[in-house]
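The values are calculated or read from the model by the stated rules, or taken from the named source; none is laboratory data. These figures come from a predicted structure and were not determined experimentally. Because the Cβ atoms are built from the backbone with ideal geometry, glycine has one as well, and the counts that use them run over all protein chains shown. Remember, those area values only see protein heavy atoms, side chains included, never the ligands or the DNA or RNA. Shrake-Rupley method; radii C 1.70, N 1.55, O 1.52, S 1.80 Å.
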Amino acid sequence: MRRSICFNTLLASGLGIALLFIGAMSEVHAQGHRVSSNQVIIETQRQWENWEFALGTLQIEGGEVSPSVMRRNTNAVYEIVDFLKINPPNGLNKDSQDIVLADAITGGSNAADVVNLLDGDMSTYWQPDAPEQGSDLASQWWFTVDLGRFVFTKKLVLKFVDEEMGDPFLLFDVLVSDGLAPPRVPGSKTPRYHTVLRTLRENRDQRFFEIDLQGVSPEAASDGIRFVQVVVNGTAAGRGRLVTQEEYEVLSASERGEIEYNKLLINGGEVPVRQDVYEQLETPRRGQIRYFRQERPRLAELEVWGLGDEILSGTIVRGGFISATEGGVALNPFVDGDRGTNSSMTWDVAPGRTQILDRELFFDLGSFFWIDTHRMAYGGQFNKFGDYLLQFSDGSRAPDGTLQWTTAFEREQAGRARENFEGNIFSPVQARFFRMSWTVQEVRNAKAELAEIQLYGEGVQPQVVLESDLIRLGGSRNLLSIGWDADAQSGTQVIIQTRTGNELGEVLHYYKKDGSEVTENQYGKLLSLFKGDIVPEEVAGNDWSGWSEPYALPAGSAITSPSPREFLKVRVTLISEDSQAAAVLRSIRLNFVDPVAQGLVGEVVPFQVDSLGIEQPFSLYIRPDFDRRDSGFDELLLVSPPDMVLEYVGLFGGSEADFLAEGNDINALTVADAEVVASGGDSLRVAFSAIDPNSGIDVLRLDFRTTLFSTGAVLRPSLQQRGATTSTWQRVDGGNAISLGAGNTTTLVGAVGNKDLIRDATVRPPVFSPNGDGINDEAAFEFKVVRVSGASPAEVLLYDLSGRFVRRLFEERQVSTGVHVLRWDGRDQAGEVVPPGIYYARLRVATETDGAGVSNSEVLHTVSVAY
């Protein structure tokens, strides 16, 4: 079984893998559901967290589930750990699940408290330790924060504590680095830094610093950053803040700063002197004594504001993938967040050729996003790229089966030398797939060292799919209905589907010691000390159904997946057509009961109908598969399409041999006490004496008559035990119920030899007199419509002998096929009685017939009016 990864939080980031999981890689498998005596219930946060979904695509809070939201202008420090777990830096010898925020920090003084700068809490802070005498202050009071990935950054913000809590740094520098080594020292482990803020005057009052990187450092703004460093160059030490003598005396010894003694000058000024000198001065010459608190250099918050939630970096962990037409290209550097890793794409056009075939990078993003921004960063000295297209697809397919692409941006500046980055903004597009394609022009040994590709967008994810864990029903159960509690505002949908089965298979998952999954072949090549667990996962077996059609009624929809079954899975799709609107799902409840039989298989004989629109006899055979504990059934319901009327003929039961024996009296097999129960015109309901495992009946046969008007009609039989406290109809699945049947189905299939849509048209009476005497005041146009799907109106258009339009009669219903009767009262379209005479009547169906091979879509009749 797949390892259970339960998330405390799923940050709405493009990386989207808040790997803050509970019991990660443990062998404890929490359930994503609860099963009671007659319900499957999903409603708690812990249960939702144990469903399967692309990591980071959901927000789960308080038992409510909604799609993640991609944000603009995000503080990159909050996701440092998430990114470090995906791409641990070199030299960090830790399993990814053990990485903590402190692993992103180095410092010369009190490095442990630097994490306080990244918690969003102004009451916590970093205060360097007292400096060591004889050492340069800047070599002690500094720290560096690794953002965990390369970030296109707009601004940095430093917030010092409030005045009552401490002091800002007296003198300090802020530096940033993109992670690349200095150009002249390519092998250096220390990256190059750019200074983006330097205080040149003592700072005692300013507690908020906002550094616009675009304004102060073109290098940082262009290339983005990976590291932020703060270096303190000056300290007020014992003269941190002027206080009164009373305040000074209540300070602890470690908090007491300097005491300044002053001599009063003749001109009224003062000059500091030593205490012993001050004490020898005459009283009139003594100036003020000033008391100081020790400096409390305390930085509360460091914020790094980037473009927003980046999408491509989470491609792999969401289950997506990357591919390239260019052979030998390393793909991971494009999304690893490290400017120092890059992949060289080299092309060489042969002499005499102007271009070679198009090249592309392809990304399956692993989920759906709104995207409107593209960024690239180069990592070496080669930063040339040909013309390129940025194209996106939502997964729609062209007629040839390939993805349909939307071009969001096209660059036509082939061969032009670029800066170290490129950026493009375009209209928002909804996408699951992204490709960047380019054409190589007439260039020898062209090369592009591409380090990072990034995509950004804003708004609710357009589509998120989550799937339940395996639900064990505790034996074969008859699935009745499914309902859910959700808010689906305009522009959103909650789509619920199920699938069922009785068999389970097993898949083995191979893990390294660090918890990462590998293939069986890779696992076999590992040394023993690097091998982790081999974990079996139970998966759907060969007999499982496909996903059902979406259920329509949140208050309760009948389960359409095969039933009864032992195992079940539920799938939810959250749709947001509006980037600012999100559906919210709170709970799902699925109702089940013990089955009337372990299985019910039925087939209709004959299943092929030679003539449409003609009433014919049919037999429905049902074979129950009983367990000795099954309750059995005493009521049958057969539902047909609304254009069909079912007429009961008889109900019979016996063994298969009884039905196959020649000359056998069928009436001898009549089921006792069978009677028709009132129901709708499109259904037939029959009650009878109970049939259970001890009844000796192997096959049940219902004989009925009906008329097929379309080329196909699905009959839906079901059985129940009337004594149950709730409706427990159990569906009959199509299959081999008796050997004389050839179709193994409960679907009637109509012949298509006769291509007429309108059949058996009549006018009664052919002559009528609309004079209000109650005798022959109306003419009835009766005809049958076949082979038409949907709600196409049936019409009678009336004209006089001159061809002038007189009246339109029509009937529009949910299903057009069937018998139509339209009546004419002898009045025209204005409501006036028409004069006597002969009138033409066009009987037709208002439907599109081009290309359908229809030979008769309307019929012409005459009708006479006489007084």
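Considering the conditions (1) without any contact (Cβ under 8 Å) to a residue 40 or more places away in the chain; (2) over 18 Å from E164 (Cα atoms); (3) open to solvent by 60 Å² or more (accessible area, probe 1.4 Å); (4) not polar (S, T, N, Q), E249 is excluded by exactly one of them, (2). The C-beta contact set for segment 409-431 (first residue more than 13 Å from M376 (Cα to Cα) and among the β-branched types (V, I, T), second residue outside any loop (DSSP other than H, G, I, E, B) and at pLDDT 65 or above, distance under 8 angstrom, 6+ apart or interchain) comprises V429/W370; V429/I371; V429/D372; V429/F392; V429/T406; V429/A408.
Residues in segment 526-542 that are of a type outside the set (D, E) and part of a strand (DSSP E or B): K531, G532, I534, V535, P536, V539, A540. Looking for something touching a Ser or Thr at 6+ places or on another chain (Cβ under 8 Å) and surrounded by fewer than 16 Cβ atoms within 10 Å (Cβ to Cβ) - is there at least one such residue anywhere in segment 509-524? Looking through segment 509-524, at least one residue is touching a Ser or Thr at 6+ places or on another chain (Cβ under 8 Å) and surrounded by fewer than 16 Cβ atoms within 10 Å (Cβ to Cβ).
The condition (being at pLDDT 85 or above and closer than 30 Å to K513 by Cα) is satisfied by just one residue among I5, I105: I105.
Residues of segment 489-501 that are open to solvent by 50 Å² or more (accessible area, probe 1.4 Å) and at pLDDT below 95: Q489, S490. Here S96, S36 are screened, and the one residue that is at pLDDT 90 or above and of a type in the set (S, T, N, Q) is S36.
Within segment 458-480, can one find any residue that is part of a loop (DSSP other than H, G, I, E, B), open to solvent by 70 Å² or more (accessible area, probe 1.4 Å) and either over 19 Å from L58 (Cβ atoms) or of a type in the set (K, R) (or both)? No, segment 458-480 contains no residue that is part of a loop (DSSP other than H, G, I, E, B), open to solvent by 70 Å² or more (accessible area, probe 1.4 Å) and either over 19 Å from L58 (Cβ atoms) or of a type in the set (K, R) (or both).
With the condition kept exactly as written, say whether any residue in segment 635-648 is touching a Gly at 6+ places or on another chain (Cβ under 9 Å), hydrophobic (A, V, I, L, M, F, W, C), assigned to a loop (DSSP other than H, G, I, E, B) and open to solvent by 50 Å² or more (accessible area, probe 1.4 Å). Looking through segment 635-648, at least one residue is touching a Gly at 6+ places or on another chain (Cβ under 9 Å), hydrophobic (A, V, I, L, M, F, W, C), assigned to a loop (DSSP other than H, G, I, E, B) and open to solvent by 50 Å² or more (accessible area, probe 1.4 Å). Among residues of segment 611-636 that are free of Cβ contacts under 8 Å to residues at least 40 places away in the same chain, those with a beta-carbon under 7 Å from a residue that is polar (S, T, N, Q) at least six positions away or on a different chain give the pairs D625/Q598.
Screening I697 against (1) modelled with pLDDT under 90; (2) assigned to a loop (DSSP other than H, G, I, E, B); (3) crowded, with 17+ Cβ neighbours inside 10 Å; (4) not aromatic (F, W, Y) leaves a single unmet condition, (1).
Within segment 602-618, the residues that satisfy the criterion of being surrounded by fewer than 20 Cβ atoms within 10 Å (Cβ to Cβ) and either assigned to a loop (DSSP other than H, G, I, E, B) or in contact with a Lys or Arg (Cβ under 6 Å, 6 or more places away or on another chain) (or both) are P606, F607, D610, S611, I614, E615, P617. Of the candidates P793, P770, P765, the single residue that is touching a Phe, Trp or Tyr at 6+ places or on another chain (Cβ under 7 Å) and open to solvent by less than 70 Å² (accessible area, probe 1.4 Å) is P793.
The number of residues in segment 701-735 that are over 19 Å from S683 (Cα atoms) and either in contact with an Asp or Glu (Cβ under 7 Å, 6 or more places away or on another chain) or of a type in the set (K, R) (or both) comes to 1.
Taking the criterion of being in contact (Cβ under 8 Å) with a residue 24 or more places away in the chain, surrounded by fewer than 13 Cβ atoms within 10 Å (Cβ to Cβ) and more than 50 Å from the chain's Cα centre (by Cα), the only residue of segment 804-819 that qualifies is F805.
Note on segment 650-682: residues that are part of a strand (DSSP E or B) and surrounded by fewer than 17 Cβ atoms within 10 Å (Cβ to Cβ) total 5.
In summary, L302 fulfils each of the numbered conditions (1) over 31 Å from the mean Cα position of the chain (by Cα); (2) touching a residue at least 40 places away in the same chain (Cβ under 8 Å); (3) open to solvent by 10 Å² or more (accessible area, probe 1.4 Å) with the single exception of condition (3).
Scanning segment 51-73 for residues that are at pLDDT 95 or above and among the polar types (S, T, N, Q) gives T57, Q59, S66, S68. Considering only residues in segment 825-867 that are aromatic (F, W, Y) and in contact with a Phe, Trp or Tyr (Cβ under 7 Å, 6 or more places away or on another chain), the one that is modelled with the highest pLDDT turns out to be Y839. Residues satisfying the criterion are present in segment 721-735 (criterion: at pLDDT below 90 and touching a Ser or Thr at 6+ places or on another chain (Cβ under 6 Å)).
Yes/no matrix, rows are residues, columns are (1) touching a strand residue (DSSP E or B) at 6+ places or on another chain (Cβ under 9 Å); (2) open to solvent by 50 Å² or more (accessible area, probe 1.4 Å):
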residue	(1), (2)
N87	yes, no
I99	no, no
A102	no, yes
T106	yes, yes
V114	yes, no
P128	yes, no
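L504 passes every criterion in (1) surrounded by 12 or more Cβ atoms within 10 Å (Cβ to Cβ); (2) closer than 25 Å to S718 by Cβ; (3) in contact (Cβ under 8 Å) with a residue 60 or more places away in the chain apart from (2). Among helices (runs of 4 or more DSSP H) entirely within segment 212-312, having at least 1 residues that are in contact with a His (Cβ under 6 Å, 6 or more places away or on another chain) singles out 218-223.
In segment 736-756, the qualifying residues are those that are modelled with pLDDT of 85 or more and of a type outside the set (A, V, I, L, M), and the one that is farthest from the chain's Cα centre (by Cα) is S739.
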